[in-house]
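The values are calculated or read from the model by the stated rules, or taken from the named source; none is laboratory data. From a predicted model like this one, the values you see are computed outputs, not experimental measurements. Cβ: placed from backbone, ideal geometry, glycine included. Neighbour counts: every protein chain shown. The accessibility values were calculated without ligands, DNA or RNA, using every heavy atom of the protein model including side chains. Shrake-Rupley method; radii C 1.70, N 1.55, O 1.52, S 1.80 Å.
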Amino acid sequence: MKLLDHILLGQDFGKSSTNTLNAATKLAEVFKSKITSIYVLPDDIASEKAKGLLEEAAKSKLNDTFNTLKEHGVDVKEPLLKYGSTSDIITKAAVDIQANIIVLGAGNATEDSKFRLGTTTERIIQKSDKPVFIIKENTPLTVTQILCPVDFSSTSKRALTNAILICKKFKAELTILSVCDVDTTSWLMSREALEDENDSRCQKHKERFDHFLKEFNLAGVNWTKDIRRGNPAEEILSAIWQKKSDLLVMGTTGKTGLNRILLGSVAQKVIREVPCSLLALKSEDAFKLELDTNIKDLEQAYNMGVKLMENHFYEEAVAQFKSCLNINSMHIPAYFELAKAYDKLNEPNLSKAYRDKGNDIKEQLWHTKIEDEVRKLRGS
């Protein structure tokens, strides 16, 4: 079972680089991922001597990172040292090595700065189709409270799918936020008429939100929904503070609703001012469940199903336990695990059916064993 295969770790060896490395290490340990680290030097260094010294220092730092990751038991790949524009090089490298995600520090914003994201990090988010995980400066990566704003677009569907997977893996709490963008002034309407229009709009928005959530399997997830009215960026930032979120998972491109707005000033406001770690997604998933579909060994399939149950992937666990029954229709443990899985999926009839079948087979085997013992005693 694999959720996150390959991490590209962008390094700047600044004051927050140790925290970023620790966060990437934790992700790799949790998801059994491999890591490739990368550092980019400018390509306009005039002095060959200076260039040589910088290259030697960068290689030494990259080697330190390599050794640190190995000490933690991480599957670490040969680091990359490149020359050029940092945002361009990292964006391209992520594609070249088929990374699932880019992990970066938040940048070099000053402590009193309202904008918490460095310009290079922001450019990488803008340019890369790969998901970008931004680690909050000077704060260890903890994932206990996740906020995922949605606007019903395909990009926000991807964001929520990834947020659910992270939530299951970290056993975190998930808040799914949707903001109804209302008009505050209009010279065409009276104040009362404007309020009525906004109320009607938000009621329809709520109905769309409820319908949208039905598309997702939230079994085993500790989640709540939060619907607000107002400016989307301001409401997102406000929700982060109020809920003490430590991770924001957000789609950053689209053509409608929140995502359309996020291409402009709102994008800059949310991404630059976000006070927690951020996972920004466009057209690719950061986390996706990859299973070996060619498992033919009964014990291996069963153990995989048990592992999926432990990680709250109940639908996927059902498929594994059913594959056990395809191999051996009398495999009692698979019947009882299927019953547990369907309990979690709120399918009581199916749960009862599999539990009853398991008990029937168990009883049949017991009676068969008794009959065999009786025959032995009779000498027949």
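Is there a residue being on the phi > 0 side of the Ramachandran plot, in a loop (DSSP other than H, G, I, E, B) and open to solvent by less than 40 Å² (accessible area, probe 1.4 Å) anywhere in the stretch 62-78?
To start, the set of residues in the stretch 62-78 that are on the phi > 0 side of the Ramachandran plot comprises 73.
Filter once more, so that each one left must be in a loop (DSSP other than H, G, I, E, B): 73.
Retained after the next criterion (residues that are open to solvent by less than 40 Å² (accessible area, probe 1.4 Å)): none.
Scanning the stretch 62-78, I find no residue that is on the phi > 0 side of the Ramachandran plot, in a loop (DSSP other than H, G, I, E, B) and open to solvent by less than 40 Å² (accessible area, probe 1.4 Å), so the answer is no.
Name every residue in the stretch 39-54 that is part of a helix (DSSP H, G or I) and open to solvent by 50 Å² or more (accessible area, probe 1.4 Å), in order of residue number. Quick ask: steps written out before the conclusion?
Initially, the stretch 39-54 is screened for residues part of a helix (DSSP H, G or I), giving 48-54.
Once the filter is applied, which keeps residues that are part of a helix (DSSP H, G or I) and open to solvent by 50 Å² or more (accessible area, probe 1.4 Å), the stretch 39-54 yields GLU48, LYS49, LYS51, LEU53, LEU54.
Looking at the stretch 321-330 only, could you name the residues that are assigned to a helix (DSSP H, G or I) and open to solvent by 20 Å² or more (accessible area, probe 1.4 Å)? Explain how you work it out, then say what you get.
Going residue by residue through the stretch 321-330, those that are assigned to a helix (DSSP H, G or I) are 321-327.
Once the filter is applied, which keeps residues that are assigned to a helix (DSSP H, G or I) and open to solvent by 20 Å² or more (accessible area, probe 1.4 Å), the stretch 321-330 yields LYS322, SER323, LEU325, ASN326, ILE327.
Could you look through the stretch 1-38, keep only residues that are hydroxyl-bearing (Ser, Thr, Tyr) and more than 24 Å from GLU290 (Cα to Cα), and pick out the one that is surrounded by the fewest Cβ atoms within 10 Å (Cβ to Cβ)?
First, pick out the residues of the stretch 1-38 that are hydroxyl-bearing (Ser, Thr, Tyr): 16-18, 20, 25, 33, 36-37.
If we keep only those that are more than 24 Å from GLU290 (Cα to Cα) too, we end up with 16-18, 20.
Details: SER16: 21, SER17: 17, THR18: 14, THR20: 24.
The qualifying residue surrounded by the fewest Cβ atoms within 10 Å (Cβ to Cβ) is THR18.
Between THR36, THR18, THR25, which is β-branched (Val, Ile, Thr), at negative phi and free of Cβ contacts under 8 Å to residues at least 40 places away in the same chain? Walk me through how you get there before you give the answer.
Numbers: THR36 fails: free of Cβ contacts under 8 Å to residues at least 40 places away in the same chain; THR25 fails: free of Cβ contacts under 8 Å to residues at least 40 places away in the same chain.
Just one listed residue meets the conditions, THR18.
Take the residues of the stretch 144-166 that are assigned to a loop (DSSP other than H, G, I, E, B) and open to solvent by 10 Å² or more (accessible area, probe 1.4 Å): which is nearest to SER245 (Cα to Cα)?
Initial filter on the stretch 144-166 (assigned to a loop (DSSP other than H, G, I, E, B)): 144, 150-153.
From the residues that got through so far, the ones that are open to solvent by 10 Å² or more (accessible area, probe 1.4 Å) too are 144, 151-153.
Values: THR144: 8, ASP151: 19, PHE152: 21, SER153: 23 Å.
Among them, the one singled out is THR144.
Could you tell me which residue of the stretch 354-377 is modelled with the lowest pLDDT, considering only residues that are surrounded by fewer than 16 Cβ atoms within 10 Å (Cβ to Cβ) and in contact with a helix residue (DSSP H, G or I) (Cβ under 6 Å, 6 or more places away or on another chain)? Don't jump to the end; show me each part of the working.
The initial filter retains those residues of the stretch 354-377 that are surrounded by fewer than 16 Cβ atoms within 10 Å (Cβ to Cβ), namely 356, 359-377.
Adding the requirement that they be in contact with a helix residue (DSSP H, G or I) (Cβ under 6 Å, 6 or more places away or on another chain) leaves 361-362.
Numbers: ILE361: 89, LYS362: 86.
Of everything passing the filter in the stretch 354-377, LYS362 is modelled with the lowest pLDDT.
Mind checking which pairs have a first residue in the stretch 181-194 that is under 10 Å from ASN231 (Cα atoms) and a second that is modelled with pLDDT of 70 or more and among the charged types (D, E, K, R), Cβ under 6 Å, 6 or more apart or different chains?
Between residues of the stretch 181-194 that are under 10 Å from ASN231 (Cα atoms) and residues that are modelled with pLDDT of 70 or more and among the charged types (D, E, K, R), the close pairs are VAL182/ARG229.
Residue-by-condition table, conditions (1) of a type in the set (A, V, I, L, M, F, W, C); (2) more than 23 Å from ILE7 (Cβ to Cβ); (3) at pLDDT below 70:
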| residue | (1), (2), (3) |
| --- | --- |
| ARG260 | no, yes, yes |
| GLY264 | no, yes, yes |
| GLU273 | no, yes, no |
| PHE287 | yes, no, no |
| GLU290 | no, no, no |
| LYS307 | no, no, no |
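Do you know which residues across the stretch 333-353 are of a type in the set (Phe, Trp, Tyr) and open to solvent by less than 50 Å² (accessible area, probe 1.4 Å)? Working first, answer last.
Taking the stretch 333-353 first, the residues of a type in the set (Phe, Trp, Tyr) are 335-336, 342.
TYR335, TYR342 - these are the residues of the stretch 333-353 that are of a type in the set (Phe, Trp, Tyr) and open to solvent by less than 50 Å² (accessible area, probe 1.4 Å).
Go through the stretch 331-353 and report how many residues are closer than 16 Å to LEU308 by Cβ, in a helix (DSSP H, G or I) and touching a residue at least 12 places away in the same chain (Cβ under 8 Å).
Within the stretch 331-353, the subset closer than 16 Å to LEU308 by Cβ is 333-334, 336-345.
Going one step further and asking which of them are in a helix (DSSP H, G or I), we end up with 333-334, 336-344.
Restricting the remaining residues to those that are touching a residue at least 12 places away in the same chain (Cβ under 8 Å) gives 333-334, 336-342, 344.
Within the stretch 331-353, residues that are closer than 16 Å to LEU308 by Cβ, in a helix (DSSP H, G or I) and touching a residue at least 12 places away in the same chain (Cβ under 8 Å) number 10.
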